[in-house]
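Below you'll find the structure, written out as structure tokens, and then a few comments.
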Amino acid sequence: MTLKCHYLVKWCTVLGIGVCGMGGFGLVSGGASDSNVFGWDSRATAIRLASSAKVVYVDAPDEMEGPELDLGSGSGSAGALPKAEADETPNSSNPAREEARSSPSEGSPTQNVAPPSAAENPGASPELKAPGKQETPESPSAQNGQQRELSSQKTSVPKIDPSTVGHPLAPGIVKLLVPEMVGQMRSTGVDSRFQQFLSYAASRLAATRGVYTGNEINGLARLSWFDHLLREPLRVPQEAEEFTRYLHAGALSDRAAGLRFLLRTARARMDVPSSTIEFTDQTGNPVEFLKQTLVQAYNLYAQAVKPLPQAEFSELARRINYVMTTNTYVGHTVNDRGSARRLVQLLEKMDRAAQWDMAEVLAGLVDRSFLESLRQSLSTSVNEGTQAAVPGVSGTILQKIETSVGTIVVGGSGVNEYRLEEMKDVVAIVDLGGDDVYWEGTVSVDRPLLAIIDYSGNDRYQGKLPGIQGSAILGGSLLIDMAGNDIYWAQDVAQGSTLGGVGILVDWAGNDQYLGLRRVQGQAIGGVGLLIDREGQDDYHAAMWAQGFGGPLGFGLIDDLTGDDNYYVGGRWYDSYPETPGYEGWGQGVGSGIRGAANGGIGVLLEGAGDDTYEFDYFGQGGGYWLAIGFARDFAGNDRRLGATLKPYDGSARTQQRFQRFGNGWGCHMGVGALIDDGGDDEYHGSIMGTGFGWDLSVGYLLELGGDDHYLARVGGVQGQGAQASLGVLYDFAGADEYSGTSQGYSSSAITYHPYPTCGGNFSFVVDYGGLDRYGSGAKNNAITRRGSGGFIVDRPKEEELQAAQNEAPDSQGALSAGASR
């Protein structure tokens with residue numbers, strides 16, 4: 001496989017070994033224990049990132065300038081991202097799947113713990129259509145119908161352009177890293193051991209691909225993208241940058257096209273086939289569109305669980321929350337591993353494509369144009385003076401709308417209180433305003449579908465049951481709050497989370513508070529869990545498995561688009577390491593398997609803008625554990641990653657010593673993790689094992705793309721280190737940075753977890769471009785320093801810095817020019 005340097009990248013080598021022009025790179029290296037200093041009066045290599053008026057998208061690699069770089073013999077990226085510019089209805093070449101359709105059963109469609117039948121779909125609702133059963137494109141009636149249905153919408157569907165997201169030069173900056181690492185390893189003879197490392201990782205993945213392997217590691221629920229990244233760890237920076245940028249581009253849009261773009265970006269990496277649904281946005285009656293969307297979502301829920309026989313469906317519904325949440329107080333595994341393995345096998349048996357299709361169907365309601373038309377329609381079609389009696393509601397109910405899957409309740413603009421457990425026949429609530437209170441509202445087999453749309457007011461969502469506040473257990477849930485300073489209080493499986501289903505919470509505006517315990521705030525096992533907060537200064541507070549957490553077969557995402565926000569995860573249960581103090585955390589962009597049971601999914605935390613503060617105990621901020629992937633990215637602002645929580649979860653005085661383990665871009669026990677920060681003057685705290693760290697055949701990256709940054713974790717295993725046959729990298733582009741302690745880029749030769757030299761060794765990198773930097777280890781600015789058997793600190797000046805130095809000493813210009821022409 002080959003990788004090309006980005007078109008924005010220029011390497012300028014002055015009086016160095018291996019001089020090259022645009023697109024090449026030159027390397028100057030020291031001996032095993034030397035520092036080779038870059039100065040204006042010595043053989044020096046400078047780095048330049050030049051802007052360009054030319055636009056080249058990531059899907060046009062042939063237009064990217066630069067040499068090809070051999071990264072190994074891998075098969076390339078597992079799964080493809082959507083096009084860089086995509087509308088909402090791209091064609092799909094995947095085989096169509098049949099829609100689960102039958103006559104509705106008598107009585108409630110959700111009665112008993114039984115696999116549901118699909119609901120009848122009255123009217124011209126959007127359908128799952130198999131290409132072979134549609135009218136052909138050549139058919140005049142088909143063409144006319146499509147034109148009538150889509151003509152008014154096609155002009156308004158927005159384009160999603162990921163190239164406008166984040167640091168404008170982020171792709172180019174990231175692509176500088178791998179050639180630097182490869183060049184250093186080649187020039188020092190470490191590359192042969194790195195190839196051994198790649199071969200060993202591939203052999204361990206191959207040996208553990210079965211469900212039963214005779215040890216703790218198995219292949220249950222293993223993602224092909226994880227397999228690809230661990231086999232080709234030098235692909236992680238580029239693919240993590242691209243993946244997170246695409247996700248955030250989708251979230252930034254206020255149209256359904258954006259959220260669907262996000263979902264399709266994720267499902268491509270979750271081994272879920274592309275959707276075959278033909279989506280149409282609301283162009284007519286918005287109330288009818290709401291009804292049709294709910295019916296279609298219910299049908300997809302029925303299709304998702306259809307592969308499970310009655311006994312397996314009942315087992316999964318009855319046990320999943322107890323095994324995965326209630327009966328567990330440690331982050332890395334569960335008390336009953338055998339049951340967890342069994343439940344993951346059942347989740348794997350479900351129709352996961354239908355599950356993700358349900359998420360895309362519900363995304364059709366997350367559209368500003370639709371929401372505005374729905375409010376206008378309901379406001380003008382009902383009389384505020386009339387009321388409808390609805391059990392479980394205190395306040396004004398303006399209208400009840402019946403569908404084949406339940407009742408839609410329309411609340412007035414005054415204060416309403418909804419006791420949702422008394423409203424099991426209600427499938428949707430549309431509240432036009434007021435400071436409302438929503439009690440409970442669990443979504444499970446008793447009520448597998450619920451949508452709440454609240455237009456304004458300082459609302460309170462409160463409960464203790466699992467599956468509330470835009471969350472679901474084996475069902476689908478959507479909560480949209482358009483305005484107001486809202487409070488979300490819950491315990492487990494809440495606030496955009498799921499176990500075996502779809503949970504989506506979108507808060508449009510206001511300074512909001514999110515308080516939960518376990519599996520909350522963008523968490524998923526066996527499904528999709530999303531929390532998107534578009535605006536305001538928000539506070540997120542959780543104890544464990546939260547804030548962008550992906551368990552087995554799960555994609556969990558939290559994305560806060562703007563505002564100065566505070567994140568807290570941990571502070572409740574003591575950590576499981578007897579030798580060190582602290583609390584369990586497990587959140588803020590973490591993917592995790594269940595040790596001894598199953599591989600993990602993908603967890604992502606994204607932050608758009610603002611000066612943010614992150615508190616996290618053990619295992620937090622962009623990390624993967626037990627064959628899983630975790631990414632965190634902050635796109636702007638001066639951020640503080642404080643590491644260990646300042647106070648316990650309940651806010652009392654802390655009695656445990658502040659101590660944090662695994663944070664800020666890490667991988668542990670065959671995990672892949674990365675933390676990306678696009679800009680700002682940032683702080684990185686912690687104790688041990690973090691800040692670009694890999695442990696036990698893992699990969700951890702910290703990618704800092706700009707600003708004057710401070711790396712304050714100083715004990716051990718921090719700041720670009722790999723240990724126990726791993727790769728750890730800290731990459732800082734631009735700025736005057738400070739590195740505390742002495743650990744930077746150190747690679748120990750000691751390995752006890754794997755056979756050495758078969759496993760290759762440990763590989764550690766600190767790469768810093770530009771600025772006057774200070775290293776606690778004594779490494780020099782503008783120098784390359786070897787650190788142990790496979791460690792490097794590479795500090796290079798940017799071209800403008802070297803030019804400034806040259807201007808201060810004009811007598812050296814001739815020598816410099818002569819050297820550059822060699």
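Nothing in this text is a laboratory measurement; each read-out follows from the coordinates by a stated rule. Please read all numbers here as calculations on a predicted model, not as lab measurements. Positions of Cβ are generated from backbone atoms using ideal geometry, with glycine treated the same way; all protein chains shown enter the neighbour counts.
Under the combined filter of DSSP loop state and at most 16 neighbouring Cβ atoms within 10 Å, segment 569-668 retains these GluC sites (Glu not before Pro): 579.
A simple spin-label model places pseudo-atoms 7 Å from Cα toward Cβ; at residue 345 and residue 653 they are separated by 5.2 nm.
Expressed as a whole number of Å, what is the distance separating the alpha-carbon centroids of segment 657-682 and segment 440-487? Computed from Cα coordinates, the inter-centre distance equals 31 Å.
Note on residue 199/residue 271: beta-carbon distance plugged into 1/(1 + (r/R0)^6) with R0 of 35 Å gives a FRET efficiency of 0.90. Let me test this: with uniform point scatterers at the alpha carbons of segment 228-358, what is the Debye-based log₁₀ I(q)/I(0) at q = 0.09, 0.13, 0.15, 0.16 1/Å? After summing over all Cα pairs, the log10 values are -0.41, -0.82, -1.02, -1.09. Projecting the Cα atoms of 295, 219, 237 onto the charge dipole of segment 208-311 (Cβ charges, centred on the Cα centre) puts 219 farthest toward the positive pole. Put simply, when 338-347, 199-208 are sorted by average Cβ atoms within 10 angstrom per residue, most first, you get 338-347, 199-208. Using the Cβ-Cβ distance between residue 804 and residue 389 with R0 set to 60 Å, the FRET efficiency from 1/(1 + (r/R0)^6) comes to roughly 0.20. Once the Cα-Cα distance is subtracted from the 0.36 nm per residue extended length, the residue 379 to residue 564 segment shows a gain of 63.2 nm. With contacts taken as Cα pairs under 8 Å and at least 6 residues apart, segment 168-248 reaches a relative contact order of 35 percent.
Pairs of Cα atoms nearer than 8 Å and 6+ residues apart set the relative contact order; for segment 514-620 it is 29 percent.
Full extension of the chain between residue 163 and residue 580 gives 145.8 nm of extra length, using 0.36 nm per residue less the Cα-Cα distance.
Distance from the C-alpha centroid of segment 566-634 to that of segment 299-325: 27 Å, rounded to the whole angstrom. Placing +1 on the Cβ of every Lys and Arg and -1 on the Cβ of every Asp and Glu, with nothing else charged, gives segment 401-489 a dipole about its Cα centre of roughly 240 debye.
If R0 equals 25 Å, the separation of the Cβ atoms of residue 446 and residue 322 corresponds to a calculated FRET efficiency of about 0.95.
Here each label is just a point 7 Å from Cα along the line to Cβ, and for residue 435 and residue 485 those points are 1.0 nm apart.
When only the Cβ of Lys, Arg, Asp and Glu is charged (+1, +1, -1, -1), the dipole of segment 399-453 relative to its Cα centre reaches about 180 debye. Apply the a/c threshold of 1.5 to the C-alpha gyration tensor of segment 684-736 and tell me whether it is rounded, prolate or oblate. Oblate. Modelled spin-label separation between residue 513 and residue 330, with each label point placed 7 Å from Cα along the Cα-to-Cβ direction: 3.4 nm. Based on alpha carbons, the Rg and Dmax found for segment 361-496 are 13.7, 39 Å. For the listed peptides 429-437, 700-708, 620-628, a ranking on the average number of other beta carbons within 10 Å per residue, highest first, reads 620-628, 700-708, 429-437.
Using only side-chain charges placed at the Cβ, +1 for Lys and Arg and -1 for Asp and Glu, the dipole size of segment 241-398 relative to its Cα centre rounds to 480 debye.
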